[in-house]
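Working notes, beginning with the structure itself.
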Amino acid sequence: MHPTVSPRLPAMTDDQVAALTKGLEGHRVSLALVDGSRLDDCELISGGRRGEDRLWLYTNGADTFVFRAEVADLWEVAPSPSRSGGGSS
């Protein structure tokens, strides 16, 4: 294998992506993509609806759309103390 070519990661199934995104809409998430790249600390706007095969994310001040077939992993990002609204009283 050529050293500059990243191996492709296995994609999650549509059902796996749907199950993970169901409760995460409106939350901060990170994604690993099958090409080895990542999208970190994005807001998941929509996990897609019936017949829609893309995730809608808001990252770096712009809307981004990612095909479900390109997702290798997805996880929620823990809120930072400055975003959580929490603090000592």
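Nothing in this text is a laboratory measurement; each read-out follows from the coordinates by a stated rule. It should be emphasised that the depicted structure is a prediction, and the values quoted were computed from it without experimental measurement. So basically every Cβ, Gly included, is an ideal-geometry build from the backbone, and we count neighbours across all protein chains shown.
A few comments on the model shown:
- Residues whose amide H lies under 5 Å from that of Gly48, counting only those 5 or more places away or on a different chain, are Trp56; hydrogens are built 1.01 Å from N in the peptide plane.
- Net dipole in debye of region 14-77 [+1 Lys, Arg Cβ; -1 Asp, Glu Cβ; about Cα centre; nearest 20]: 160
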